[in-house]
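No value in this document is a laboratory result; all are computed from the given coordinates. Small disclaimer: the values here were computed from a predicted structure and weren't measured. Virtual Cβ from ideal backbone geometry, glycine too; neighbours counted across all protein chains shown.
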Amino acid sequence: MRFLRDRIVQVCLAVVVVGLLIAVIWSATASERGEGVVDTTVTPTPTSDLQAVALGDVDDLADMVGRRVVADDTVVISVPGDEGFWVATGGDDAWVQLVTAGESPFTVESGDRVSFTGDVVAHGADFAERPEFSENDARKLTDARAHIEVKVGDLRLSR
């Protein structure tokens, strides 16, 4: 117990206690701030219970929220965002958002072909409120109500 009298140990313990207290307060007020709450009319289906669906078989992406989709040699329609692009599907075009900790190692261009596995997630109108989106892209995103999130390591590019 002698080490508890050391000033450095006391300061470290105090920092840990304060950090834990902040974490408890932060998580307790998260629901009041609306964090982690997704307002969607589509009930997600756990991806672990389902086989991935081929992107070409998808008519309405919003119907696929919570599901996993697979794209194989899919055409890139346009690339209005730095880490996102539009691809052709069986129905309307779908927005693909790359999930990366920084700049992706890919330069995707219109006309490229991509293959990936990604998760369909719901989004609100605020998702389209970014400067890289034209009025047309923002409207398409708002109407779609969902997009595909693809980890950058799960994307394969061919030209």
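Structure data summary
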read-out: Theoretical FRET efficiency, 1/(1+(r/R0)^6), r = Cβ-Cβ of Val99 and Ile22, R0 25 Å, to 0.05; value: 0.35
read-out: Nitroxide proxy distance, nm - points 7 Å out along Cα→Cβ at Asp63 and Glu132; value: 3.0
read-out: For the stretch 47-158, Kirkwood radius (reciprocal of mean inverse C-alpha pair distance, Å); value: 13.9
